[in-house]
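*Asks:* Next up is a structure, given as structure tokens.
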Amino acid sequence: MTARGKLVGSIVLAAAAVVATSAHARADSPPTPGIKINDETSFCTSAFTAQGNDGNYYLMTSAHCDAHDGSVWTYGDNQAPLGKIAKGEYEENPDTGTQTKDAALIKLEPDVGVPSDDIAGKYPVRDALSLAQIKVGTQMCKVGAVTGETCGPITNIEGDYVVEANLHCLGGDSGSPGFVKNPDGSASAVGILTSALDDDHTTYFIIVAPLLAKWHLHLLT
């Protein structure tokens with residue numbers, strides 16, 4: 001696999017990102033996979049929703065979206081607070097430049113309530129595919145805050161951590177949920193969008209199933 005061209009988070013003006021981030025702001029609907037999420041300096045896309053063995057609810061995204069400033073992530077038109085990043089990991093393969101780790105957990109504040117598992121409000125999550133279940137040639141999709149839903153075939157699997165797919169993405173789509181559509185209309189989680197080549201169509205996803213075991217989570221379904 002060739003070295004990655006770019007991470008696909010997006011930088012925004014801080015003043016625009018902190019408007020209406022009052023603790024009293026409330027969104028009209030619960031957070032879901034595939035929506036725009038903001039911190040004080042940038043925005044990315046939410047991946048999957050999960051619950052930990054500790055009983056708390058979490059929203060997954062890419063770790064490179066984290067500015068490491070302890071800011072509260074927000075969502076929705078009124079910038080309702082989600083919570084702060086509670087855990088994350090990022091690592092690159094020094095030989096290829098590929099991300100071997102790139103995932104983070106936003107611990108949702110109690111006022112957020114129970115998040116939804118429906119990707120873009122359309123595809124309820126059924127399960128997470130194991131490495132053995134992910135096959136080259138399988139059609140997968142992602143829903144990003146910038147480019148919406150795009151789909152294409154899986155073209156490569158690197159080690160036990162990254163899936164490469166031929167589908168479109170742009171800056172701000174980092175963190176997008178990557179998934180396979182099932183015949184019953186549900187979705188099987190594959191990974192979290194981490195980066196893309198400069199062609200904007202060769203896109204990489206961190207496989208999500210190992211993260212669930214490592215961080216003692218189960219996806220909301």
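*Asks:* With THR96, THR100 as the choices, which residue is farther than 25 Å from HIS216 by Cα and modelled with pLDDT under 95?
*Replies:* On inspection, the qualifying residue turns out to be THR96.
*Asks:* Would you confirm, using the coordinates I've provided, whether VAL136 is modelled with pLDDT of 95 or more, open to solvent by 10 Å² or more (accessible area, probe 1.4 Å), aliphatic (A, V, I, L, M) and over 17 Å from LEU219 (Cβ atoms)?
*Replies:* yes
*Asks:* I need a count of the residues in region 36-55 that are out of contact with any helix residue (DSSP H, G or I) (no Cβ under 9 Å at 6 or more places or on another chain) and surrounded by fewer than 24 Cβ atoms within 10 Å (Cβ to Cβ).
*Replies:* Total satisfying the criteria: 6.
*Asks:* Has region 196-203 got at least one residue that is exposed (fewer than 15 other Cβ atoms within 10 Å of the Cβ), of a type outside the set (Phe, Trp, Tyr), modelled with pLDDT of 95 or more and out of contact with any Ser or Thr (no Cβ under 7 Å at 6 or more places or on another chain)?
*Replies:* no
*Asks:* Which pairs have Cβ atoms under 9 Å, sit 6 or more apart or on different chains, and link a residue in region 206-221 that is open to solvent by 70 Å² or more (accessible area, probe 1.4 Å) to one that is assigned to a loop (DSSP other than H, G, I, E, B) and modelled with pLDDT of 95 or more?
*Replies:* HIS216/ASN53; HIS216/ASP54; HIS218/ASN53; THR221/ASP117; THR221/SER186
*Asks:* Name the one entry in THR155, THR147 that is within 15 Å of the chain's Cα centre (by Cα) and modelled with pLDDT of 95 or more.
*Replies:* THR147
*Asks:* Of all the residues that make up region 96-126, how many are surrounded by fewer than 16 Cβ atoms within 10 Å (Cβ to Cβ) and on the phi > 0 side of the Ramachandran plot?
*Replies:* Residues that pass the stated criteria total 3.
*Asks:* In region 122-144, what count of residues is obtained for those that are closer than 20 Å to LYS36 by Cα and of a type in the set (Lys, Arg)?
*Replies:* 2
*Asks:* Scan region 185-192 and tell me whether some residue there is within 23 Å of SER42 (Cα to Cα), more than 17 Å from the chain's Cα centre (by Cα) and open to solvent by 20 Å² or more (accessible area, probe 1.4 Å).
*Replies:* Checked region 185-192: no residue is within 23 Å of SER42 (Cα to Cα), more than 17 Å from the chain's Cα centre (by Cα) and open to solvent by 20 Å² or more (accessible area, probe 1.4 Å).
*Asks:* Next up: Do you know which residues across region 34-48 are over 13 Å from SER62 (Cβ atoms) and not hydrophobic (A, V, I, L, M, F, W, C)?
*Replies:* The answer is GLY34, LYS36, ASN38, GLU40, THR41.
For every residue, the table says whether it meets (1) at pLDDT 95 or above; (2) closer than 24 Å to ASN156 by Cβ; (3) touching a strand residue (DSSP E or B) at 6+ places or on another chain (Cβ under 6 Å).
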position: SER10; (1), (2), (3): no, no, yes
position: ARG26; (1), (2), (3): no, no, yes
position: SER29; (1), (2), (3): no, no, no
position: ALA63; (1), (2), (3): yes, yes, yes
position: ASP66; (1), (2), (3): no, no, yes
position: ASP69; (1), (2), (3): no, no, no
position: TRP73; (1), (2), (3): yes, no, yes
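*Asks:* Kindly list, by first and then second residue, each pair from a residue in region 188-202 that is within 13 Å of GLY178 (Cβ to Cβ) to a residue that is at pLDDT below 85 and among the small types (Gly, Ala, Ser), limited to pairs with Cβ atoms under 9 Å and residues at least 6 apart or on different chains.
*Replies:* SER195/GLY5; ALA196/GLY5
*Asks:* Can I ask one more? Enumerate the strands (runs of 3 or more DSSP E) found wholly within region 130-177, keeping only those where 2 or more residues are over 19 Å from GLN99 (Cβ atoms) and among the acidic types (Asp, Glu).
*Replies:* none
*Asks:* Go through ASP117, ASP111 for me and flag whichever is more than 18 Å from the chain's Cα centre (by Cα) and either closer than 23 Å to LYS214 by Cα or touching a residue at least 40 places away in the same chain (Cβ under 8 Å) (or both).
*Replies:* The unique qualifying residue is ASP111.
The values are calculated or read from the model by the stated rules, or taken from the named source; none is laboratory data. Quick caveat: nothing in here was measured; it's all calculated off a predicted structure. Please note: Cβ atoms are built from the backbone with ideal geometry, for glycine as well, and neighbour counts cover all protein chains shown. Just so you know, the surface numbers come from the protein's heavy atoms only, side chains and all, with ligands and any DNA or RNA stripped out. Shrake-Rupley method; radii C 1.70, N 1.55, O 1.52, S 1.80 Å.
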